[in-house]
1. Accessible area of segment 461-563 with a 1.4 Å probe: how many percent of it is carbon plus sulfur?
2. For segment 468-578, what class follows from the C-alpha gyration tensor (a ≥ b ≥ c being the square roots of its eigenvalues): rounded when a/c is under 1.5, otherwise prolate if a/b is larger than b/c, else oblate?
3. Could you give the nm distance between label points at GLU204 and ARG97, where each point is 7 Å from its Cα heading toward the beta carbon?
4. Given a Förster distance of 56 Å, report the FRET efficiency between MET64 and LEU228 from their Cβ-Cβ distance, rounded to the nearest 0.05.
5. Between GLU145 and VAL114, how many nm apart are label points set 7 Å from Cα along the C-beta direction?
6. How do 193-200, 248-255 rank on mean C-beta neighbours within 10 Å, highest first?
7. Under 13 Å from a point placed 7 Å out from the Cα of ARG521 along the Cα-to-Cβ direction: which residues of segment 475-514 have their backbone N that close?
8. Straight-line reach from LYS7: which lysines fall under 28 Å, measuring Cα to Cα and dropping same-chain residues less than 8 apart?
Amino acid sequence: MSMADKKARILLVDDQPSRLLTYEAILASLGEELVTAQSGEEALRHLMTDEYAVILLDVSMPGMDGFETANLIHAHPRFEKTPIIFVTGVHVSELDRLQGYRLGAIDYVQIPLVPDILRSKVAVLVELYRKRLELSALNLSLAGENESLAQANLALQTERAREFQALSETLATANAKLSSTNAALEIEVAERRRAEGVASQLAENLRALDRRKDEFLATLAHELRNPLAPIRSAVSVLRDARLQPEATAHTLDVIERQLKQLVRLVDDLLDVSRITYDRIELKREHVDLATILAAAREMISPAIEQRQQTLELDIAATAIDVHGDPQRLIQVFGNLLNNASKYTRPGGTIGLSSVAMDDRVIVSVSDNGIGICPTELDSVFDLFVQVDASREHAQGGLGIGLTLVKRLVEMHGGSVTAHSEGLGHGSRFVVELPRTLVAPAGTSIAEGPSVSVRRHVAVIDDNRDAADMLALTVRMLGHDVRTVYDPLLALDVIDAFAPDIAFVDIGMPKLDGLELARMIRARHGSHIRLVALTGWGQPADRARSSDAGFDFHFVKPIDLEQVERLCATSSTDERERHSKLSQ
């Protein structure tokens, strides 16, 4: 029986039997397998035994309600992509809808039900489920060339890998074969990514149910393409053999600036997630406000110079001490200065001033730009709210910068307000923060790494480009490096090389990084510092890497400063510092 002919399972969850009968009557014409449950606990038991294409879930159930049930379902890796339609018989507020969407809900339906609408929505989700199964089958077929290797046991694979490694060291002709194999793998990966992109786009279209979310997703795509376009062009330029050294340096500067913009976008999105779940933690210390403002000016000065704008300063002459998180405060004033520059015409003027008043300090960021409509002043700090993008001088953005500013200032015990006399009359943002009247001596924003010593470092990653770039970075710092692309060869290299530090990618085929870490710990104990590199950074991910034996957990991309600090400091000092950063 083909996937298209096989019946899909639909889970119907409601504590009222009469409603379950209604759901079955409406959905019976779809010809799928309908499974009923009268409580959240019963629904979870069904999920542990079978796979379901879609879940129809009542919000208001006694005991475990729909929201709690959905949270438990999507917390499990097997069911995190299973679509959920909430059913409710009461009025649903926007906050309730937002909570449902955060828990992974696809849609809401209201009692009384409209049979055709419910039937259509479920049919679409069932069809999407079948498409996902077909895509999975396609991925399996693409991996058919490796089927014989997959059927072999781990010992046989290891032996063949050793033989291949020995041949690659002695036969120069093996390089051509490896290059050809890599090209074929790249084509397969590109095809998989294209197929995943199609599926992702279908899911995104189904989730786009309100105007603000649609606007945010469109803006996010635009902001990501802006830096990607010059990066792609710069890569093409670097491939030209006629490129002069001066042009090479300029092209690398372009790539670095655009990568910093991409990292900033990702950081802003992560900050929004942390704000949503109250997970932002301030690392407070005593710092001079002038130092904070100077760092914020340095961060935004390239944009101001590019637009030929004037920055007028009126900074208090006396030292003003505040007790706060230096990096977060730099983020606050950097965002305000960036907004002022974006919405001010080229050649315009931006003002930055600070003044101390008793136990408060007031910082003002002003501009003579396009201004803010009076009706928008109250909502300008709301999440995803932007100045009307259709205006002449709008510069895009995700609409989250001012939300971050407001929340971070409030977490420091302060306040921020927006002022404008209307369109065309500029704007002014005023931040008030508590002032520390007596500051302890010897404070600073950051500490540099300890003096470096030459270390043995192993880099284990099946992504050759990522492994080679990290190895080159470590080698530039003056350390001995061994690079391993095949995780099955990692233990042999570690036995022979005896590294002090090992950078290990978590998501590798054949043998994942977590299992490899356990094997290294079993053989070498705690003599090697293990550093996990991954795209996942949630507390549960960090806990899994720690349980596997990793000393550190870094979310890609790891930057040069982090690598240098890991290689330079003692294992005890760095473990303590990383523990504080991960709390």
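The values are calculated or read from the model by the stated rules, or taken from the named source; none is laboratory data. Worth saying up front: this structure is predicted, and the values here are computed from it rather than measured. Here the Cβ is made from the backbone with ideal geometry for all residues, glycine too, and neighbour counts use every protein chain on show. Surface accessibility is based on the protein's heavy atoms, side chains included, excluding ligands, DNA and RNA. Shrake-Rupley method; radii C 1.70, N 1.55, O 1.52, S 1.80 Å.
1. That fraction is 53 percent.
2. rounded
3. Spacing of the two 7 Å Cα→Cβ label points: 2.1 nm.
4. It comes to 0.80.
5. Once both label points are built, they end up 5.1 nm from each other.
6. 248-255, 193-200
7. Hits in segment 475-514 for ARG521 at 13 Å: 514.
8. LYS81, LYS121, LYS131
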